[in-house]
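Accompanying notes for the structure given below.
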Ligand code: AP5
């Protein structure tokens, strides 16, 4: 099975939900740049302070900051046998940073999730997260106890960038950058598009079949 995977897709496309499950199944780390940045913000680090305004506005954090953060993460021991990266690259410049870091082998497979705009907004408004990054949805994936993370018992909250106004802008940013990015991976023969509408288990089954057959 492939072990160097990227999951791309629009905001609330399900990248985190499916990447976490697939990474557990493959036994590789789930590397999510959004989660890493939110951790930096919550810790008040220099990187977090620099990233926060862009994140709250639904803009991309600078390629230099995120690229350096991702490269440092990939060089850790647990990433030596493979990984699933969720949320990086977002543009061609980031794709080039990743290529330079990976060398000849590159990525094995790029999964691009496809979701309608109305579904994105509904998923965002209903999303709840725990401080450690576990993701729920009030309707599609509720926790066993309302408001409490099943895994670590922490209180669930709504993300600061999950307002309808910010999500509309995040969708625009995704559409501005994703065309060239998807073309880049398509030209390398590693891109697979997945219908990510409907129940999470159905989408996961499609992703799983694709990873097994690639
Ligand atoms: P990030 O956290 O990566 O945000 P995003 O790309 O907008 O993606 P989301 O986290 O909103 O959604 P997701 O696709 O992971 O969906 P999820 O699984 O949660 O980044 C946040 C910010 O950080 C960016 O705006 C930017 O500022 C900055 N940033 C991050 N990476 C960067 C980079 N590389 N460069 C520059 N800046 C960067 O699912 C959504 C909800 O839908 C859940 O509640 C889920 O339960 C539910 N759901 C319903 N049906 C389904 C289904 N079929 N499949 C999956 N989930 C479903």
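Annotations
- Residue among 122, 154 that is more than 25 Å from residue 23 (Cα to Cα) and over 16 Å from the mean Cα position of the chain (by Cα): 122
- Checking every residue in segment 37-50 against the condition of being more than 24 Å from residue 189 (Cβ to Cβ), surrounded by fewer than 15 Cβ atoms within 10 Å (Cβ to Cβ), modelled with pLDDT under 95 and within 14 Å of the ligand (Cβ to nearest atom) gives at least one match.
- The set of residues from segment 184-212 being touching a helix residue (DSSP H, G or I) at 6+ places or on another chain (Cβ under 9 Å) and under 17 Å from residue 91 (Cα atoms) comprises 184, 185, 191.
- Output for segment 106-129, where each listed residue is within 12 Å of the ligand (Cβ to nearest atom), surrounded by 15 or more Cβ atoms within 10 Å (Cβ to Cβ) and assigned to a strand (DSSP E or B): 111, 112, 113, 127, 128, 129
- Boolean, residue 119 is under 18 Å from residue 10 (Cα atoms) and at pLDDT 95 or above: no
- If the condition is being in contact with a strand residue (DSSP E or B) (Cβ under 7 Å, 6 or more places away or on another chain) and more than 9 Å from the ligand (Cβ to nearest atom), then segment 9-25 contributes 22, 23.
- A residue that is within 13 Å of the ligand (Cβ to nearest atom) and in contact (Cβ under 8 Å) with a residue 60 or more places away in the chain cannot be found anywhere in segment 67-83.
- Of everything listed in (1) within 13 Å of the ligand (Cβ to nearest atom); (2) under 21 Å from residue 63 (Cβ atoms); (3) in a helix (DSSP H, G or I); (4) in contact with a helix residue (DSSP H, G or I) (Cβ under 9 Å, 6 or more places away or on another chain), the single unmet condition for residue 89 is (3).
- Count of segment 177-200 residues which are modelled with pLDDT of 95 or more, within 13 Å of the ligand (Cβ to nearest atom) and not in a strand (DSSP E or B): 2
- Residue 17 buried (at least 17 other Cβ atoms within 10 Å of the Cβ), under 20 Å from residue 111 (Cβ atoms), modelled with pLDDT of 95 or more and touching a helix residue (DSSP H, G or I) at 6+ places or on another chain (Cβ under 9 Å): no
- Among residues that are touching a residue at least 24 places away in the same chain (Cβ under 8 Å) and part of a loop (DSSP other than H, G, I, E, B), residue 132 is not included.
- Checked against (1) touching a helix residue (DSSP H, G or I) at 6+ places or on another chain (Cβ under 9 Å); (2) within 15 Å of residue 101 (Cα to Cα); (3) part of a helix (DSSP H, G or I), residue 39 meets all criteria but (2).
- Residues of segment 148-162 that are loosely packed, with under 12 Cβ neighbours inside 10 Å and part of a loop (DSSP other than H, G, I, E, B): 151, 152, 153.
The values are calculated or read from the model by the stated rules, or taken from the named source; none is laboratory data. Please read these numbers as outputs of a predicted model, since none were measured by experiment. A quick note on method: Cβ atoms are made from the backbone with ideal geometry, for glycine too, and the neighbour counts reach across all protein chains shown.
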